[in-house]
Amino acid sequence: MKFLTFRKNGEYRLGVAANQGVLDVAAAGERYGVSVPTSMEALIAGGAESKRAVLSVLSKAQEGNQDFLAEETIEYGPSLTRPEKIICVGTNYRKHAEESNMPIPTSPVLFSKFNNTLAGHQSTVKIPSDTKKADYEVELVIVMGKTAQDVSEDDALNYVFGYATGNDLSARDLQFRTVQWLLGKSSDGFAPVGPYVVTADEVPDPNNLNLECRVNGEVRQSSNTRDMIFDCKTLVSYISRYMTLKPGDLIFTGTPEGVIFGYPEEKQVWLKSGDEVITEVHGLGALRVVME
C-alpha cells in the first residue's frame, strides 16, 4: 500500500493513494463507523490491526466511490511529521565516496537531523542566507515499524514498516566549516521525504532499487541501491546495537554519486533560488521541492 500525509483544515491527516485518488482515511472511517488511525504515526503504532482497519474502509470507499480526493489538489505534508529520530548515513555508496575523495568507511558513518528539517512533496525549501553551496542528495529512506533493539541482520528488515524517497539537502560550506557535519545538514526543510511511504511487502529487495535526482529536468544522479557499502539490513542491525529504534523513526541510507560536491571545482554550479529538484526511487514515487 502507498500511504501519505496531507494537510486539511490546518491539520495533518492520513491518506492512501489508490486508483480513484487519495482516500481521506479519517473521513472514510467516520462515514462507515470504523475506528481507523488518522495519522501515519498512529498507523505504524497500531500494527497489523490498524492496517486491516484502513483496508476495510478503503474497500468500502472504493465500492461507493466516496471520500477520495484528486491527488493534484492536496497539500502534502512530510510522510512522517514527528519521528523520534532521523538518522542519516554518510558516504554509503562506493562511487560517491570516490567522487568525494573520501575513504571507503569500515563502519557506517552516522549523523542526525531534526524535525525542523522535514518537508513534504511540492514544498518550497529556503536556502540559508549565508550558504553559497547548497547541494542535493537522493536517498532511500527506511521507515521503522517496530521497536528494534540489538536485532540481527537476518531479522532486521522484519522491523521495517516501509520505504520512502528522501532528499538529504546539504549546505556544503556549512557542513565542512567544522569536523561536525550537523550545521550543514539541519537547516529548515533540509530533509524532504515522500510523497509516499510504501509498505515493506511491496518492496521485496530494497537493495536493488534504481534512484535518480533531476535538477530543472537535468539528470544529475542515476544509480542503484546495490552500490551501497552497508545495505539496509546491516544499517538497521548496526544502529539498533547502540540506540533503540522506535516505530516511525527514519533512516536516510546515503546517496550515490553525482552530487555537486563531487564535481571538479570549476564545474560546481550550486543550487539557487527557483531550482526544481526531483528525487525519485523506483516504485516509491518522485519527490519534488523548489529551492528559495
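The values are calculated or read from the model by the stated rules, or taken from the named source; none is laboratory data. These numbers were taken from a predicted model, which means no experiment stands behind them. Here the Cβ positions follow ideal geometry from the backbone for every residue, glycine too, while neighbour counts run over all protein chains shown.
All of (1) at pLDDT 95 or above; (2) out of contact with any Leu (no Cβ under 6 Å at 6 or more places or on another chain); (3) assigned to a helix (DSSP H, G or I); (4) within 24 Å of residue 158 (Cα to Cα) hold for residue 48 with one exception: (1).
Look at segment 136-147: where a residue is assigned by TED's automatic domain parsing to the domain that holds residue 239 and a partner is β-branched (Val, Ile, Thr) and in a strand (DSSP E or B), sitting 6+ places away or on another chain with Cβ atoms under 6 Å, you get 136/277; 138/279; 140/281; 141/193; 142/160; 142/251; 143/197; 145/160.
When 179, 160, 109 are screened for being in contact (Cβ under 8 Å) with a residue 60 or more places away in the chain and of a type in the set (Val, Ile, Thr), only 160 passes. Can you tell me which residues in segment 111-126 are over 15 Å from residue 175 (Cβ atoms) and either of a type in the set (Asp, Glu) or touching a helix residue (DSSP H, G or I) at 6+ places or on another chain (Cβ under 8 Å) (or both)? Correct list: empty. A count restricted to segment 70-93 and to residues that are closer than 16 Å to residue 25 by Cα and either surrounded by 18 or more Cβ atoms within 10 Å (Cβ to Cβ) or in contact with a Phe, Trp or Tyr (Cβ under 8 Å, 6 or more places away or on another chain) (or both) stands at 6. Would you please name the residue that is surrounded by the most Cβ atoms within 10 Å (Cβ to Cβ), looking only at residues in segment 120-145 that are among the aliphatic types (A, V, I, L, M) and closer than 18 Å to residue 249 by Cβ? Top of the filtered list is 142. The listed residues are 162, 184, and the only one of them that is farther than 16 Å from residue 255 by Cβ and either assigned by TED's automatic domain parsing to the domain that holds residue 254 or in a strand (DSSP E or B) (or both) turns out to be 162.
The condition of being surrounded by 20 or more Cβ atoms within 10 Å (Cβ to Cβ) and at positive phi holds for only one of 217, 194, 184, that being 194. Taking (1) of a type in the set (Asp, Glu); (2) closer than 24 Å to residue 193 by Cα; (3) free of Cβ contacts under 8 Å to residues at least 12 places away in the same chain in turn, residue 30 satisfies each apart from (2). When segment 3-18 is filtered for residues that are without any contact (Cβ under 8 Å) to a residue 12 or more places away in the chain and either within 18 Å of the chain's Cα centre (by Cα) or assigned to a loop (DSSP other than H, G, I, E, B) (or both), the ones remaining, listed by number, are 9, 10.
For segment 258-276, enumerate the residues that are β-branched (Val, Ile, Thr), in a loop (DSSP other than H, G, I, E, B) and in contact with a strand residue (DSSP E or B) (Cβ under 8 Å, 6 or more places away or on another chain). Scanning segment 258-276 gives a single hit, 259. Do you know which residues across segment 241-279 are surrounded by fewer than 19 Cβ atoms within 10 Å (Cβ to Cβ) and farther than 14 Å from residue 135 by Cβ? Across segment 241-279, the qualifying residues are 241, 242, 243, 244, 246, 264, 266, 273, 274, 276.
Specify which of the listed residues (95, 60) is more than 27 Å from residue 188 (Cα to Cα), touching a helix residue (DSSP H, G or I) at 6+ places or on another chain (Cβ under 8 Å), in contact (Cβ under 8 Å) with a residue 60 or more places away in the chain and assigned to a helix (DSSP H, G or I). Exactly one residue qualifies, and that residue is 95.
Scan segment 238-257 for residues that are touching a strand residue (DSSP E or B) at 6+ places or on another chain (Cβ under 7 Å) and in a helix (DSSP H, G or I) and the total you get is 2.
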